[in-house]
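Taking it in order: structure first as structure tokens, then the write-up.
Computed from the coordinates by the stated procedures, all read-outs in this text should not be read as laboratory data. Bear in mind the structure is a predicted one, so any value in this text is a computation, not a measurement. Because the Cβ atoms are built from the backbone with ideal geometry, glycine has one as well, and the counts that use them run over all protein chains shown.
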Amino acid sequence: MSGNSTKIYVFKVFERIWHWSQAALIIFLLLTGFEIHGAYANFGFKTAVIYHTTAAWTLVGLWVFAIFWHLTTGEWRQYIPTLQKVDAMIKYYLTGIFTNAPHPFRATRLRKHNPLQRLAYLAVMLAIGPLIWFTGWFYLFYGSWADWGMDKYLSLEWVAFFHTVAAFMMLVFLIAHLYLTTAGHTPTSHIKAMITGWEEVDAEEPAAPAK
Amino acid sequence: MREKHTRGALLGLLAGALALTVHLSWSANDPAPAPAAAPAKAAEGGKAAPQPGSVQLRAARTTADHSKFKELQQDFKSGPEVTKACLSCHTEAAKQVHKTKHWTWEFLNPDNGQKLGKKHVINNFCTAVPSNYAFCTACHVGYGWKDANYDFKSETNVDCLVCHDTTGDYKKLPGLAGHPAYKQMEFPPKSGRQVPAVDLQEVAQKVGATSRATCGACHFLGGGGDAVKHGDLDTSLKNPKRYLDVHMDANGLNFSCGTCHATKGHNIPGSRYTPTGKDDGGTHMRGKVDESNPATCQSCHGGKPHKGKQNGMITDKLNEHTEKIACQTCHIPQYARGNKPTKMSWDWSTAGKLKDGKPFTVKDSAGHESYATIKGNFTYESDVVPDYMWLNGKVKYTLLGDPVNPNGVTEINHYYGSAEDGKSRIWPVKIFRGKQPYDLETKSLLVPHTAAEYGVKDDAAFWQNFKWDAALKAGAEAAGQPFGGKFDFVKTEMTWPITHMVAPKEDALTCTQCHSRSGRLQKVEGIYMPGRDGKPWLDWIGWLAALGTLAGVIFHGGLRIYLANRKAG
């Protein structure tokens with residue numbers, strides 16, 4: 001590939017552990033969740049429920065750690081949305097990537113996500129995440145609705161509906177995300193970075209894309 | 001296994017020696033109806049297992065040996081004579097029986113004022129009692145009810161023995177108006193088979209507590225034969241194994257009917273006329289006055305019956321299910337599980353065909369009557385998966401004079417219930433389908449006069465002459481209904497809640513049997529069930545979005561690879 005590349009350390013150990021365990025849990029939750037939804041049969045309903053619930057609580061625990069880590073390290077700033085260069089990113093994915101044009105975004109330790117990533121991950125964390133957690137929470141504690149006095153305001157049908165909506169959104173995200181990992185400096189540079197922490201990037205700031 | 005049996009037999013002998021007066025039938029193979037077998041005989045069975053304390057206690061509880069009572073040492077000529085002797089000590093017994101449905105065959109439903117009970121209800125089996133008294137009252141706890149003018153005040157007409165017999169020899173024969181055979185007689189009439197005279201003295205001296213066999217003498221044979229009517233009650237429950245009924249298991253808990261239908265003053269609780277759809281009352285406690293139904297599962301097991309060994313998450317989830325699901329729904333996976341097929345349908349409209357001028361029967365491949373001139377066509381099924389419905393305990397019957405639905409199906413009884421009323425649970429039921437006569441003018445069900453008194457020639461009785469006109473006319477007269485002479489047959493359905501034949505927990509339904517697209521509760525409405533329900537349009541949109549994304553990235557990636565290759569090439 002192009003010789004003018006360099007490597008920078010982007011993802012710290014915690015981030016990598018967080019990412020991969022979260023990835024495994026989400027895929028597992030999708031598998032068990034769609035079985036509970038009746039889309040297919042694999043583990044059997046009871047086992048699927050046990051696995052799904054266990055994985056969900058594990059993911060909750062992981063998120064508690066992740067939130068704590070992001071707040072204490074200031075890494076939460078990585079997700080502050082920006083529209084800067086979003087157009088350049090979109091253009092890159094639509095054209096530049098096919099012509100081997102330089103990547104419009106150069107990751108650094110302080111800006112590890114490109115603007116589209118920022119938006120996408122923020123959407124996952126602020127839209128899909130809460131939707132899935134809140135509906136999942138009510139789903140799990142269905143038996144306690146009456147004790148909480150909430151059985152008049154909630155219906156399992158709609159709780160399940162929005163839980164499923166969020167699951168489909170997560171599935172769509174997963175597919176797009178998996179593919180876009182190949183859209184870095186080289187097809188494997190993003191994946192390598194997520195494993196080793198070191199990301200291969202262009203040596204120089206990319207030229208502004210031609211208008 | 002062999003070692004287990006030997007040890008069991010030894011324990012059995014030991015227990016027998018200790019409890020000298022205990023009369024128990026421990027052999028599951030013993031064909032005799034549940035009752036008395038001397039301890040030595042119990043060991044012969046070779047299958048005696050260690051008995052739970054409750055079983056020994058119950059058998060050892062009695063303090064009276066009725067064979068020692070002078071009152072019973074006489075040559076009884078009839079049932080009422082025995083009753084007279086019983087009442088000389090049990091002074092209040094007949095008065096108590098007089099107040100029960102078992103005696104009056106009448107029940108006023110407090111919910112809607114309907115007059116129910118065998119005297120009034122028309123079902124879609126043998127249909128109705130009026131005009132057929134002498135036959136039907138073989139299952140009346142009394143003697144001599146052969147027409148509408150029966151003396152319900154008579155104390156000596158109460159039949160003590162039918163419920164308290166322990167010999168299995170006391171049998172009331174249809175046609176004798178509630179009497180057993182006092183002398184040897186041919187039964188059924190013209191069958192060539194002989195029924196011996198009952199030894200009343202012997203039976204009277206061996207009376208005891210009611211048993212599965214005594215209750216079953218009627219309730220196992222309802223609808224005209226073994227297993228016909230209920231589906232969850234048949235003679236396989238006389239000595240059931242554990243898999244058939246975990247409570248009545250003859251080698252285990254060995255419950256009698258009365259263990260759950262805990263009776264005070266002869267008034268037996270637990271009735272299909274006013275069933276308990278949802279019991280939130282918790283367990284019954286000694287010393288605490290509790291008039292709620294003692295025959296519900298909850299009256300012993302409480303509202304959160306599932307306990308720990310398995311995954312705690314699942315235990316909690318199962319206990320939440322009790323809010324909406326009757327215990328029976330999961331714990332009675334099928335009914336008619338004892339190798340006795342139950343009748344599922346009965347078409348009276350084909351009855352009366354003759355072959356060479358004579359009545360005949362046709363048997364199905366399993367050897368069961370699929371046609372009989374006297375009754376019409378039947379179907380049977382074993383190990384039947386129940387239907388399921390919301391049930392809150394309210395019932396309405398289609399009674400004499402109530403309109404039927406000639407173009408559709410008429411419900412003999414309608415069970416109310418819904419997901420919303422907070423009083424219902426989802427229950428398993430047997431739905432029995434029939435086709436039976438109704439009056440084309442009044443649009444009311446009709447009462448056919450089918451059976452005559454034993455030995456009486458009766459031209460109007462359908463089972464003697466196979467003439468509907470005469471049978472329906474006589475039936476209507478006895479029932480006090482107008483009948484213009486025009487009739488047809490209407491489709492009917494009768495619903496029977498399933499509550500017996502409770503399987504061991506390992507045989508309960510698995511989650512997937514309901515939580516799937518085409519599971520058992522497929523037709524039950526008003527509730528969201530994960531795995532069964534959802535919004536198909538959401539699934540369409542969701543999967544299309546996922547597939548669209550997949551197609552997009554495949555296209556995008558393919559283009560990248562293609563262009564890279566072209567460049568390289």
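The sum of -39500 (n - 2.57) across all DSSP H runs of n ≥ 4, divided by the residue count of chain B, sets its helix-only mean residue ellipticity at 222 nm to -7000 deg cm²/dmol.
Debye-formula intensities of segment B:177-246, expressed as log10 I(q)/I(0) at q = 0.13, 0.28 Å⁻¹, are -0.54, -1.15 (one equal scatterer per alpha-carbon, no solvent). The calculated FRET efficiency for B:Glu493 paired with B:Ser370, based on their beta-carbon distance and R0 = 22 Å, is about 0.65. Among the GluC sites (Glu not before Pro) in segment B:488-569, those placed in a DSSP loop whose Cβ has at most 13 other Cβ atoms within 10 Å are B:Glu525.
Compute the separation of the alpha-carbon centres of segment B:486-533 and segment B:335-352 and state it in Å as a whole number. Computed from Cα coordinates, the inter-centre distance equals 19 Å. With a simple spin-label model that places each label point 7 Å from the Cα along the Cα-to-Cβ direction, the separation between B:Tyr243 and B:Glu106 comes to 4.7 nm. With a simple spin-label model that places each label point 7 Å from the Cα along the Cα-to-Cβ direction, the separation between B:His414 and A:Val13 comes to 7.3 nm. Each Lys and Arg adds +1 at its Cβ and each Asp and Glu adds -1 at its Cβ; summed about the Cα centre, segment A:5-202 shows a dipole of about 680 debye.
Treating r as the C-beta distance of A:Leu71 and B:Met285 and R0 as 45 Å, the FRET efficiency rounds to 0.25. Extension gain, B:Asp539 to B:Ser67, is 162.5 nm, computed as 0.36 nm per intervening residue step minus the present C-alpha separation.
Using the Cβ of A:Phe98 as centre and a radius below 13 Å, the other residues enclosed give a net charge of +4, where K and R count +1 and D and E count -1. Most fluctuating residue of A:Gly74, A:Gly184, A:Gly149 in a GNM of chain A with Cα springs under 10 Å: which is it? With Cα springs under 10 Å in chain A, the top fluctuation among A:Gly74, A:Gly184, A:Gly149 is at A:Gly149. Convex hull volume of the Cα atoms of segment B:342-513, normalised per residue: 178 Å³. Listed by chain and number, the lysines whose C-alpha is less than 18 Å from the C-alpha of B:Lys423, apart from same-chain residues fewer than 8 away, are A:Lys152, B:Lys278, B:Lys304, B:Lys324, B:Lys394, B:Lys396. In terms of packing, defined here as the mean over residues of other Cβ atoms within 10 angstrom, the peptides A:23-35, B:548-560 line up highest first as A:23-35, B:548-560. The gain in end-to-end length when the B:Lys77 to B:Leu440 segment is fully stretched comes to 125.8 nm, 0.36 nm per residue minus the alpha carbon separation. Taking the Kirkwood radius as Rh and the Cα radius of gyration as Rg, chain B has a ratio of Rg/Rh equal to 1.06. Rounded to the nearest 5, the antiparallel percentage of DSSP beta bridges internal to segment B:342-513 is 85%. Here the relative contact order of segment B:449-528, from alpha carbon pairs under 8 Å that lie six or more residues apart, stands at 14 percent.
Among the trypsin sites (Lys or Arg not before Pro) found in segment B:330-397, not one is both in a DSSP coil and sparsely packed, with 10 or fewer other Cβ atoms within 10 Å of its Cβ. For peptide B:313-325, the mean count of partner chain Cβ atoms within 10 Å of a residue's Cβ comes to 2. A prolate overall shape is assigned to the protein assembly as shown, the ratio a/c of its alpha-carbon gyration tensor axes (a ≥ b ≥ c) being 1.5 or greater and a/b exceeding b/c. Using a Gaussian network model of chain A in which every pair of alpha carbons under 10 angstrom is joined by a spring, one finds that among A:Lys112, A:Lys46, A:Lys192 the greatest mean-square fluctuation is at A:Lys46.
The spacing between segment B:440-480 and segment B:252-269, judged by their C-alpha centroids, is 37 Å. Taking 0.36 nm per residue of sequence separation and removing the Cα-Cα distance, the B:Glu155/B:Lys396 pair yields an extension gain of 83.5 nm. Relative contact order of chain B: 13 percent, from C-alpha pairs under 8 Å at least 6 residues apart in sequence.
Shielding value for A:131-144 is 1, the average number of Cβ atoms from other chains within 10 Å of each residue's Cβ. Residues of segment B:416-437 with the amide nitrogen closer than 18 Å to a label point 7 Å from the Cα of B:Gln513, along Cα-to-Cβ, please. Those under the cut-off are B:426-431.
Counting, for every residue in A:163-169, the Cβ atoms of other protein chains within 10 Å of its Cβ and taking the mean gives 3. Using C-alpha pairs under 8 Å with a sequence gap of at least 6, the mean separation divided by the residue count of chain A gives a relative contact order of 33 percent. The percentage of C-alpha pairs in segment A:5-202 whose separation is greater than 30 Å is 30%.
Each peptide in B:477-486, B:397-406 gets a packing score, the mean of other Cβ atoms within 10 Å over its residues, and the list from highest to lowest is B:397-406, B:477-486.
Screening chain A for DSSP H helices whose Cα atoms reach 24 Å or more along their own axis and whose mean Kyte hydropathy is at least 1.0 gives A:13-36, A:45-73, A:156-180.
With a/c under 1.5 counting as rounded, go ahead and sort segment A:26-117 into rounded, prolate or oblate using the C-alpha gyration tensor (a ≥ b ≥ c being the square roots of the eigenvalues; past the cut-off, prolate if a/b is larger than b/c, else oblate). It is oblate, given that a/c is not under 1.5 and a/b is not larger than b/c.
With 18 Å as the limit, the listed pairs B:Lys115/B:Lys264; B:Lys443/B:Lys486; B:Lys353/B:Lys435; A:Lys112/A:Lys192 have B:Lys115/B:Lys264 beyond it between alpha carbons.
At a Förster radius of 51 Å, what calculated FRET efficiency corresponds to the Cβ-Cβ distance of B:Tyr182 and B:Glu525, to the nearest 0.05?
0.35
Working ranking of peptides B:213-220, B:539-546 by packing, defined as the average number of other Cβ atoms within 10 Å per residue, highest first, is B:213-220, B:539-546. Name the residue farthest towards the positive end of the dipole of chain B from the options B:Leu446, B:Phe360, B:Tyr388, assuming +1 on Cβ of Lys and Arg, -1 on Cβ of Asp and Glu, about the Cα centre. Final value for the positive-end residue is B:Tyr388.
Between A:Leu178 and B:Lys171, the modelled labels are 7.1 nm apart [label points 7 Å from Cα along Cα→Cβ].
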